[in-house]
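A quick write-up on the structure given underneath.
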Amino acid sequence: MTEGSRPSMFETVKGHAVQLNNHEERIKALEKVDEKHDERIQKLEEQSMKLENTIFKTSNETREVMREQTEQQTEKLYELLKTAMGKCRRG
């Protein structure tokens, strides 16, 4: 290309080829990033499911412990009441 003149057809096509190559590289890089994001999302979903299962299991275990404690306390209160009522009748 001479100064002040337009680029030749060859130079124009060569410039377009460089731009296309640059776009292809950028697309490939974006595709790699997209794959990594998909993997991270998959891992987050798996971790979320594990956390939900842990919470569910812990909740059930806590509920069972509370039920058992309530039953034990009720039995003790019943025994105390029975003992107190027996003393009142004798007294």
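None of the figures in this text is laboratory data; all of them are computed from the coordinates on show. This one's a predicted model, so the numbers in the text were calculated from it and none came from an experiment. No Cβ is skipped: glycine too gets one built from the backbone with ideal geometry, and neighbour counts run over all protein chains shown.
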What residue among E79, E25, E39 has the largest mean-square fluctuation in a Gaussian network model of the chain, using Cα springs under 10 Å? E79
I need the fraction of alpha carbon pairs in segment 9-91 separated by more than 16 Å, rounded to a whole percent. 77 percent
What's the magnitude of the charge dipole for the chain around its Cα centre, counting Lys and Arg as +1 and Asp and Glu as -1 at the beta-carbon? Answer in Debye, nearest 20. 940 debye
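Counting only pairs 8 or more places apart or on different chains, how many lysine pairs in segment 9-91 have C-alpha atoms closer than 25 Å? The partial results should precede the final answer.
Details: K14/K28; K28/K36; K28/K43; K32/K43; K36/K50; K43/K57; K76/K87.
For segment 9-91, the number of qualifying lysine pairs is 7.
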Degrees between helix 9-90 axis and first principal axis of the chain (Cα, 0 to 90, nearest 10): 0 degrees
